[in-house]
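*Asks:* Shown below is the structure under consideration.
The values are calculated or read from the model by the stated rules, or taken from the named source; none is laboratory data. Here the structure is a predicted model, which means the values were calculated and not measured. All Cβ positions, glycine included, derive from the backbone under ideal geometry; neighbour counts span all protein chains shown. For accessibility, only protein heavy atoms count, side chains too; no ligands or nucleic acids. Shrake-Rupley method; radii C 1.70, N 1.55, O 1.52, S 1.80 Å.
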Amino acid sequence: MIAVKSILVPTDFSETSDAALNYGIGLALTFGARLYLLHVPGETGVNFEADFPMVQFENATRERLETLVSPRDLITLRPEYALRLGAPSDEIVRYAGSRDIDLIVMGTHGRSGVAHVVMGSVAEKVVRTAPCPVLTVRHPRRASVVAEEGIAQAALAQI
C-alpha cells in the first residue's frame, strides 16, 4: 500500500502551477496528507537582501500563497508555506528531502525545441532528481481531482 502523508506543491504562480495546486489540494484532502507550498523565485543577486529585506519578501509570498487556497481548505489542511532562494529545481528537491515529502505535484509549461534547450525544464530536473514520485500537470483547463470511495482519481473535465 502506498501511503501519501505529505504533498509538496511548488509554485511560480503560473496557470499550470495553479492547476497543480488544485491537484495537490484534492489529493491532500483525499489522503489526509499534509500540504506544503513552496515558492522559489530563482537566482537573485547578492544584494537582494539589502534591496528588499527577506522578511518582507517572505510575508508577501506567504500572503500570495494563501490567496491560492480557499478559506475552507486553509482551515482543513493548514498548509506550510516556504520560500527558498536559488535554482528552483535544486531547491524543490532539497526541500522535499528535508521534509520527507511523499509526493511532489507541480506544473510544467511543456516547452519544447529551442525554448526547452535554452531554458531547460524545472519539472524535468525535479523528476530526475527528486527523492519521491512527481506528478506533473500541464493542461490547467482540463484538470481536476475527485475522490471516489477514498481513492484519488484524476478526472478530465470536458470544458
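*Asks:* Taking helices (runs of 4 or more DSSP H) that do not extend beyond the range 33-83, which have at least 3 residues that are among the hydroxyl-bearing types (Ser, Thr, Tyr), at pLDDT 80 or above and open to solvent by 90 Å² or more (accessible area, probe 1.4 Å)?
*Replies:* Once the helices (runs of 4 or more DSSP H) in the range 33-83 are filtered for at least 3 residues that are among the hydroxyl-bearing types (Ser, Thr, Tyr), at pLDDT 80 or above and open to solvent by 90 Å² or more (accessible area, probe 1.4 Å), nothing remains.
*Asks:* I've got another one for you. When the range 1-32 is examined, which residues are found to be within 13 Å of the chain's Cα centre (by Cα), open to solvent by 30 Å² or more (accessible area, probe 1.4 Å) and modelled with pLDDT of 90 or more?
*Replies:* Scanning the range 1-32 gives a single hit, Asn22.
*Asks:* Between residues in the range 1-15 that are charged (D, E, K, R) and residues that are at pLDDT below 85, which pairs lie under 7 Å by C-beta distance while being six or more apart or on different chains?
*Replies:* Going by the 7 Å Cβ cut-off, the qualifying pairs are Glu15/Pro140.
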